[in-house]
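Peer 1: Here's a structure for you.
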Amino acid sequence: MDPRIFLLALATFATGTAENIVIGILPDVAAGLGVSLGLAGQLTAVFSLTFALAAPAALVLTRRMERKTILALALALFIASNLVAALSPGIAVLFAARVAMAAASATVCLVATMLAVELAGPDRRGRAIGLIFMGISGSMVLGVPAGMLVSGLFGWRGVFVALALLAVLILAVCQLYLPASGGRPRDVAGYRRHVGSLRLVSGQLVSILMIGGHFVLFAYLAPYAVDAVGFDADQLVPIFVAFGVAGVSGGYLGGWLTDVVTPRTAILVVPLAYLAVLLAIPAASSMPMAFLGLMMVWACISWMISPVVQSFLISAGPETAEAGVSLNLSAMHVGVALGTAIGGLALERGSTAALPWTGAVLAALAVVASLAAAWRAADKPRRPVIEV
């Protein structure tokens, strides 16, 4: 694997960390700016919403620029927005900084994915995308505790300074080692062609529904582990660490699977395997250790889906590959919002025991969408997707 792909994964790790890092330092931010916890909590929501909107917009606005330049500009915006966040005198400025931070993060994730595909070549395309998603999933696992550690040492403003410094280092190394590429104009009409394809739209729905089914339970995993399984509250940290490690491995395994069995087969297998594991969780909930093992399998499969779907979108629609990847980054965040909202309703109107079954409904719909995506869709011969 080209070592520069690991550099791109590090870029997605750094920028992805910004999304959830406020979660761990929320009380400090709220106290420092003199606002309520509820208002400070919206700093994460505005990031996610901006990310979902910015991913497709970035492709349109930068359609005549080459990718290395786009990556450099996005990292520069990320650095500047984090410094603004560190110096913000009030919540309004911090909200504005979070919007810019999210736009930069979405652009980095999109460009890093396409550059990784180009550097890896067609035979290792899935694994390259998997490495990028290891960076994204790693940011969710390691970013929050790392932010809490930095905040404890240097205060919450020091967290944003640390992110800016990490991005400066990544930008410098990218400028030295990444090749210029993708200088041709991008076809904005690719969005219309992409959403006009039932097969490709079905692939996007697989992401939305499976990630939605995942977050129905994952967003409320702490109360489920305590109330339904019987873990003590002080055992939750190692549980989430185990979950996170399994999730990071899933990012790479999903990409590896598409290289081994083809994206069309993978998009059929992964949602079905995920549904089976999710349905088994209620039975394992009476046995804490069995639940912990099954939960790690569940986490691994859940993170496999993003590289699987993106590999499928590139393989099934190479002429709309960039549009497909950018829309899929948005689809992921739509799935997070959908699952969190539905899980909240299930918890309010039922109990924690209802969460896996509710998530399984969305996962079953993801299986249906995967069948629609793969129906009569022969895998295209492997060839480079990106011209340089």
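The values are calculated or read from the model by the stated rules, or taken from the named source; none is laboratory data. Not measured: the values here are computed from a predicted model. For neighbour counting, all protein chains shown are included, and Cβ atoms are generated from backbone atoms with ideal geometry for every residue, glycine included. Protein only, heavy atoms only, side chains kept; ligands, DNA and RNA dropped before computing areas. Shrake-Rupley method; radii C 1.70, N 1.55, O 1.52, S 1.80 Å.
Peer 1: Relative contact order for the chain: what percent, with Cα pairs under 8 Å and sequence separation of 6 or more? Before the final figure, lay out the partial values.
Peer 2: Numbers: 674 pairs, mean separation 98.6, N = 388.
It rounds to 25 percent for the chain.
Peer 1: Suppose the chain between A96 and A283 were pulled fully straight at 0.36 nm per residue; how much longer would it get relative to their current alpha carbon spacing?
Peer 2: Working: separation 187, 0.36 × 187 = 67.32 nm, distance 4.59 nm.
Working it through step by step, the gained length comes to 62.7 nm.
Peer 1: Which shape class, rounded, prolate or oblate, goes with the range 49-151 when its Cα gyration tensor gives a ≥ b ≥ c as root eigenvalues, a/c under 1.5 marks rounded, and past that a/b bigger than b/c marks prolate? Walk me through the numbers on the way to the answer.
Peer 2: On the way: a/c = 2.51, a/b = 1.43, b/c = 1.76.
The shape class here is oblate.
Peer 1: Could you grab the relative contact order for the range 200-321? Cα pairs under 8 Å, six or more apart, rounded to a whole percent.
Peer 2: Values: 118 pairs, mean separation 48.3, N = 122.
Dividing the mean separation by the residue count of the range 200-321 yields 40 percent.
Peer 1: Describe numerically, in nm with one decimal, the distance between label points set 7 Å from Cα along Cα→Cβ at A172 and at V201.
Peer 2: 4.9 nm
Peer 1: For the range 101-112, what does the Karplus curve 6.51 cos²θ - 1.76 cosθ + 1.60, with θ = phi - 60°, yield as ³J(HN,Hα) per residue in whole Hz, taken in order and with x for Gly and Pro?
Peer 2: Computed from phi, the couplings for the range 101-112 are 4, 5, 4, 5, 5, 4, 5, 4, 4, 5, 5, 4 Hz.
Peer 1: Something else now. For C174, C300, give the ranking by accessible area with the largest first, probe 1.4 Å.
Peer 2: On the way: C174 5, C300 25 Å².
Per-residue accessible area, sorted high to low, gives C300, C174.
Peer 1: Additional query: Write down the accessible area per residue of the chain in Å², having rolled a 1.4 Å probe over the full set of protein chains.
Peer 2: 39 Å²
Peer 1: To continue, here is another question. Got the relative contact order for the range 1-79 handy, in percent, Cα pairs under 8 Å and 6 or more residues apart?
Peer 2: Rounded, it is 23 percent for the range 1-79.
Peer 1: Next question, about the same structure. What is the extension gain from D123 to A180, computed as 0.36 nm multiplied by their sequence separation minus the C-alpha to C-alpha distance, in nm to one decimal? Kindly include the intermediate steps, with their values, before the conclusion.
Peer 2: Numbers: separation 57, 0.36 × 57 = 20.52 nm, distance 2.16 nm.
So the extension gain works out to 18.4 nm.
Peer 1: Quick one: what are the phi-derived ³J(HN,Hα) couplings along the range 83-89, Karplus 6.51/-1.76/1.60 with θ = phi - 60°, whole Hz, x for glycine and proline?
Peer 2: 5, 4, 4, 5, 9, 4, x
Peer 1: Quick one: if the Förster radius is 35 Å, what FRET efficiency do T340 and A72 give, using the C-beta to C-beta distance and rounding to 0.05?
Peer 2: 0.55
Peer 1: Helix-derived [θ] at 222 nm for the chain: sum -39500 (n - 2.57) over DSSP H runs of at least 4, divide by residue count, nearest 500?
Peer 2: After summing the helix terms and dividing by the residues of the chain, the value is -28000 deg cm²/dmol.
Peer 1: A further question follows. Tell me which trypsin sites (Lys or Arg not before Pro) from the range 97-152 have a DSSP coil assignment and no more than 12 other beta carbons within 10 Å of their own.
Peer 2: none
Peer 1: Which log10 I(q)/I(0) values does the chain give at q = 0.08 Å⁻¹ under the Debye formula, counting every alpha carbon as one identical point scatterer?
Peer 2: Result of the Debye calculation: -0.39.
Peer 1: In nanometres, what is the gap between the two model label sites at A80 and A353, each 7 Å from Cα along Cα-to-Cβ?
Peer 2: Simple spin-label model gives 5.6 nm for this pair.
Peer 1: Can you bin every Cα-Cα distance in the range 35-78 into 5 Å intervals starting at zero and give me the percent of pairs per bin, rounded to whole numbers?
Peer 2: 5, 18, 19, 21, 13, 10, 7, 5, 2
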